[in-house]
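The values are calculated or read from the model by the stated rules, or taken from the named source; none is laboratory data. Nothing here was measured: the structure is a model prediction, and the numbers come from that model. Positions of Cβ are generated from backbone atoms using ideal geometry, with glycine treated the same way; all protein chains shown enter the neighbour counts. Surface areas here come from the heavy atoms of the whole protein model, side chains and all, with no ligands, DNA or RNA. Shrake-Rupley method; radii C 1.70, N 1.55, O 1.52, S 1.80 Å.
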Amino acid sequence: MPEGGLATEAATASARARVDDGFWARVDGERWIKRLLIVALCLWLGVVLVLPVLQLLVKSLADDQGGFVGLTHYVKYFNSPNLFVSLRNSLVVAVLTTLLSVGLGFGYAYALARTTIFGRGLLKGVAMMPLFAPTLLNGIALIYLFGRKGLVTTGLFGLLPGVDIGVYGPVGIVIAETLYAFPQAVLILVIALKMTDARLYEAAQSLGASPLRIFFTVTLPGVRFGLMSAVFVCFILSFTDFGAPKVVGGNYSVLATDIYKQVIGQQNFSMGAVVSVVLLIPALLAFIADRLVQRRQVASFAARSVPLIPRPNPRRDVFFAFYCWLVGGAIVIFYLTALFASLVKVWPYQLELGLWHYHFSGTGGGGYSAFFNSLRMSAYSALWGTAITFLAAYLIEKTRQLHGLRQLAYFLSLAPLALPGMVIGLAYIFFFNARGWEIAGVFVANPFNWLYSTMAILVLCNIVHFFSVSFLTATTALKQMDREFETVSASMGVPFTKTFVRVTVPVCLPAILEIGMYYFVNSMATVSAVIFLYSADLPLASVAVANMDDAGDTAYACAMSMLIVAANILVRLMYGASTAGIRRRSQAWLTR
Amino acid sequence: MNTSDTSLAVEKVGKKYGTFAALSDVSFSARRGEFLSILGPSGCGKTTLLRLIAGLESHSEGRVIIDGRDVSGSPVSKRNVGIVFQSYALFPNLSARNNIAYGLKSRGASREEIVARVDELLDLVGMRGMGRKYPAQLSGGQQQRVALARSLAVSPGLLLLDEPLSALDAKVRLLLRGEIRQLQKRLGITTVMVTHDQEEALTMADRILVIEKGRLVQDGTPHDIYDRPATPFVASFIGAMNFIPDAVKVHDGVYGLGGHHVQVGMENGSAALPPGSRVTIAIRPEDVLIGRELGSANIVPTTVSAMEYRGAQFRLSLVVHSGERSGLRLDADVAAEKVRRLQIRPEMDLPVHLPFNRLRVYGAGEAHA
Ligand SMILES: Nc1ncnc2c1ncn2[C@@H]1O[C@H](COP(=O)(O)OP(=O)(O)OP(=O)(O)O)[C@@H](O)[C@H]1O
Ligand SMILES: [Mg+2]
């Protein structure tokens, strides 16, 4: 039989088998499943994001009995000098932090992306350290360095003349926030600096431009979108952060601590909602500006650009090496001080090292049960968050049904970028704690009320809080896959679910792991949203840090922070090992 | 045409994106085992047409019938078609074997059946022994073969190819052209291939559909399309064509151009025009004859104004001597050997013969591209 014989025979047989003139030949089950999933995604985003934020807005316009009072609370807010001053303080802190972190970050990123200095991998790792710690720890470390009994203030416990920089207040907040925002600025700017076309530099050099002139005419314009993006991101981070001002703020109040004081301290929920809205608006503006900038950045980088390979330049490299090791060293010293402090018996009197503060007995906060709760919560957040985020990105990117709803889902998926953790936390209390709502005179009981003060609501809150960045990671990975994979599978009669499992997920596995790690690390470290949502029988490590610090048990708080950092570094190392494993295994299909 | 012999029928199909009509009123059909090529310039709607046939795009109007079954509302999974994309869309994490077996596994074939079928297909596309390799380890041509094997694995009734060779370099392209065509003949599978490469269409297809701005302008064999292009657009899109505008019909079969009378053997619609009508006369450069074989009629005196060397031949730019109008130009392709033999040089007077059965006449209404 000729080779073709079998194939043709099979062809006709199968064609006959698949010909089916009935109704079912026209119905595409897959399309309906996809439609259903898209609708489900939109509903989910509605419940976990839109409704809670709406509830928050409504709350800011209502009195405690739920009666509509219009802008009364806002008028009161802007007439109350104490509260109003916090807005100014928050803006001052955010602007200073942004200048510092973007300024320092630019030099650092430049060294990483454009020079050949030694140890760039390590330097990058060092710069990322703050990502693994709760921002409370930044404040705590500052106190051990510059506080009343700090290392610097006392001149290494009296060995040297000490200096008091007055860390409690704006100085401390700005330093802690700069540390917090620094890694984000470096990440964004390294990418921007790497995405430059080498030919522009060759052209400028061939025209005889001086290095300084090249910097101002080629380098800066080339990264202007990255710079703007870094500015907006750092602004949002420092404007909305709660952890650092909580610890080192002293009497210097900012919006995030005001919300906490109003809600937890005075049980004034309406005013808490008002401050949240005030906090939300600048963040929202920065978010919108950032989105506009990002869109232009993508468009301005041509696909055919020639990547710039840095060449050694001794004078420049020595300068940048010095700079980077200085900054990197400061970060290391910062966290080493915290580690040291957590191990010291009684700071600053008994400097014997040991695990004195790691038993957490005799202090509040929940001790190890809080730590294990946090681990569990972070693991669930990583698991569910990754699954939901990836599925959402897949549905939005790879299906062709319900265009309008997918647009909406895309927009909603990015919206959490603009939502400060405090706002999410508060919105969640209002929404999930509500017994029900009067809608057009009919009382509708809250079907989600049971979630209140469960692990589920904490996980949900984390998923929403860290949704956008994960979503963008997933979307980028999915965009790099051939658009026709789904089509090819469909033409062979293979269900899309099978292609999803056999092709999409394996190919995107590095991105999936990255998302999982991101969720875990952030869920461990976050305090701003969960501080409103945890319950007494479900304590959390990061909240314990805040509470122990509040109670003056700074060493315990420091020790707990160290546990969080250790868990995060461990997860990061596991992530590194597993991606290395995947890379080895998938070498065959990634390289020629 | 006998319906049982018709593998694919497209009836008055149209597609709109918003208000923009990407395709309008396209009808054609393919006999079983026929190789059709859809040819047209970029953006004319070729891919759209292919995607409509595949069911990847829903059409606004008309019907698509595959194997006698109206599939207009059916999704791609229910049309029994194999598709090969320009990008191949091979799954990067699966070996060539697993790529080919991909569609088989979900049809409940046994392991042995699958192995046998994949081996058969690997042989079929000349990839025996390469099944273990991953797509990234294969050359472009090999990837194309795997993509072809994968689409054939599920024994489709209709094979759809969207510019399957455009990502390959010239040599491989030439090789694969022949192979795909042979394979298609051997399997007897009805095939529709989109291309914007006229040579590809001319050498591979049984029939060519030429699309212009979303409309089907000609449907014919490669011979028809080349020798009897239906419109000036088709004529200029496929091969080169001299257009001589402002010719005047004298009477049936005789036209005046630049003070000369020429006889035209093949009229296409122009027979209906009244004498005195303005028309455009067209002739391919290689049909403009010079030298000893000149016939007696249709001789036009010209001067050589420029010569362009093209390896095996020269392209001569000729200016027709004419009483009333100067500047009437003609291009002629002449074998290099003949140019040397006749010692043709620029500025030389050169009478040319326009064979009456190679001239085409287009009414003035048909503006040419
Ligand atoms: N999804 C869409 N929305 C709007 N317009 C579209 C869409 N897809 C295609 N078009 C338009 O329809 C026309 C035909 O597109 P099509 O892809 O079929 O062209 P083509 O002939 O395959 O071109 P090429 O040779 O460049 O691949 C183009 O003008 C294109 O801009
Ligand atoms: Mg196309």
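So here's what we get for this one:
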quantity	calculated
Residue within the range B:49-62 that is within 14 Å of chain A (Cβ to nearest Cβ), within 16 Å of ligand 2 (Cβ to nearest atom) and not aliphatic (A, V, I, L, M) present	yes
Failed criterion for A:Val332 (all others in (1) among the hydrophobic types (A, V, I, L, M, F, W, C); (2) crowded, with 18+ Cβ neighbours inside 10 Å; (3) over 21 Å from A:Leu538 (Cα atoms) hold)	(2)
Which numbered condition B:Asp67 misses (of (1) modelled with pLDDT of 90 or more; (2) at the interface with chain A (Cβ under 9 Å from one of its Cβ atoms); (3) touching a helix residue (DSSP H, G or I) at 6+ places or on another chain (Cβ under 6 Å))	(3)
Residue identified as within 23 Å of the chain's Cα centre (by Cα), within 11 Å of chain A (Cβ to nearest Cβ), within 16 Å of ligand 1 (Cβ to nearest atom) and within 28 Å of B:Gln218 (Cβ to Cβ) among B:Asp162, B:Asp197	B:Asp162
Wholly enclosed helices (runs of 4 or more DSSP H) of the range A:331-450 bearing at least 3 residues free of Cβ contacts under 8 Å to residues at least 40 places away in the same chain	A:367-398, A:403-414
Looking only at the range B:79-137, and only at residues there that are of a type in the set (Ser, Thr, Tyr) and within 10 Å of another protein chain (Cβ to nearest Cβ), the one that is farthest from B:Gln182 (Cα to Cα)	B:Ser106
Subset of the range A:197-240 [open to solvent by 80 Å² or more (accessible area, probe 1.4 Å) and either assigned to a loop (DSSP other than H, G, I, E, B) or in contact with a Pro (Cβ under 6 Å, 6 or more places away or on another chain) (or both)]	A:Leu207
Test for B:Leu94: is it within 15 Å of ligand 2 (Cβ to nearest atom) and either open to solvent by less than 10 Å² (accessible area, probe 1.4 Å) or of a type outside the set (Asp, Glu) (or both)	no
Check on B:Arg107, at pLDDT below 90 and under 27 Å from B:Ser77 (Cα atoms)	yes
For A:Gly150: the one exception among (1) within 16 Å of A:Val247 (Cβ to Cβ); (2) surrounded by fewer than 23 Cβ atoms within 10 Å (Cβ to Cβ); (3) without any contact (Cβ under 8 Å) to a residue 60 or more places away in the chain	(2)
Filter result for B:Glu112 (within 16 Å of ligand 2 (Cβ to nearest atom) and either within 25 Å of B:Ser155 (Cβ to Cβ) or outside any strand (DSSP E or B) (or both))	no
Residue that is nearest to ligand 1 (Cβ to nearest atom), among those in the range B:47-70 that are in a loop (DSSP other than H, G, I, E, B) and at negative phi	B:Glu57
Members of the range A:442-477 found to be within 11 Å of the chain's Cα centre (by Cα), open to solvent by 30 Å² or more (accessible area, probe 1.4 Å) and closer than 15 Å to A:Leu45 by Cα, listed by number	A:His465
Odd one out for A:Phe84, checked against (1) modelled with pLDDT under 85; (2) hydrophobic (A, V, I, L, M, F, W, C); (3) outside the structural domain of A:Ile236 (by TED's automatic domain parsing); (4) surrounded by fewer than 20 Cβ atoms within 10 Å (Cβ to Cβ)	(3)
Matching residues, the range B:200-240, being within 16 Å of ligand 1 (Cβ to nearest atom) and among the hydrophobic types (A, V, I, L, M, F, W, C)	B:Ala201, B:Ile208, B:Leu209, B:Val210, B:Ile211, B:Leu216, B:Val217, B:Phe233, B:Val234, B:Phe237, B:Ile238
Residue, surrounded by the fewest Cβ atoms within 10 Å (Cβ to Cβ), within the range B:114-129, restricted to residues that are farther than 17 Å from B:Val172 by Cα and in contact with a Leu (Cβ under 7 Å, 6 or more places away or on another chain)	B:Arg128
The lone exception for A:Ala490 - which of (1) open to solvent by 30 Å² or more (accessible area, probe 1.4 Å); (2) at pLDDT below 90 it fails	(1)
Filter pass, A:Met517 being touching a residue at least 24 places away in the same chain (Cβ under 8 Å), more than 20 Å from the chain's Cα centre (by Cα) and more than 14 Å from chain B (Cβ to nearest Cβ)	no
Answer from B:Gly43, B:Gly33 - the residue that is within 16 Å of ligand 2 (Cβ to nearest atom) and either within 14 Å of chain A (Cβ to nearest Cβ) or free of Cβ contacts under 8 Å to residues at least 12 places away in the same chain (or both)	B:Gly43
Residue in the range A:279-290 that is touching a residue at least 40 places away in the same chain (Cβ under 8 Å) and open to solvent by 50 Å² or more (accessible area, probe 1.4 Å) present	yes
Options A:Ile388, A:Ile429; residue that is closer than 17 Å to A:Leu458 by Cβ, among the β-branched types (Val, Ile, Thr), open to solvent by 10 Å² or more (accessible area, probe 1.4 Å) and touching a Leu at 6+ places or on another chain (Cβ under 8 Å)	A:Ile429
Residue match in the range B:32-45 (condition: among the β-branched types (Val, Ile, Thr), surrounded by fewer than 22 Cβ atoms within 10 Å (Cβ to Cβ) and within 15 Å of ligand 1 (Cβ to nearest atom))	no
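So that you can scan it fast, the table gives a plain yes or no per residue for (1) surrounded by fewer than 13 Cβ atoms within 10 Å (Cβ to Cβ); (2) modelled with pLDDT under 85; (3) in a loop (DSSP other than H, G, I, E, B):
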| residue | (1), (2), (3) |
| --- | --- |
| B:Ala230 | no, no, yes |
| B:Val234 | no, no, no |
| B:Pro245 | no, yes, no |
| B:Ala271 | yes, yes, no |
| B:Thr280 | no, no, no |
| B:Phe314 | no, no, no |
| B:Arg325 | yes, yes, yes |
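Per-residue answers, yes or no, for (1) in contact (Cβ under 8 Å) with a residue 40 or more places away in the chain; (2) surrounded by fewer than 20 Cβ atoms within 10 Å (Cβ to Cβ):
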position: A:Val92; (1), (2): yes, yes
position: A:Gly103; (1), (2): no, yes
position: A:Gly107; (1), (2): yes, yes
position: A:Leu123; (1), (2): yes, no
position: A:Val126; (1), (2): yes, no
position: A:Leu136; (1), (2): yes, no
position: A:Gly139; (1), (2): yes, no
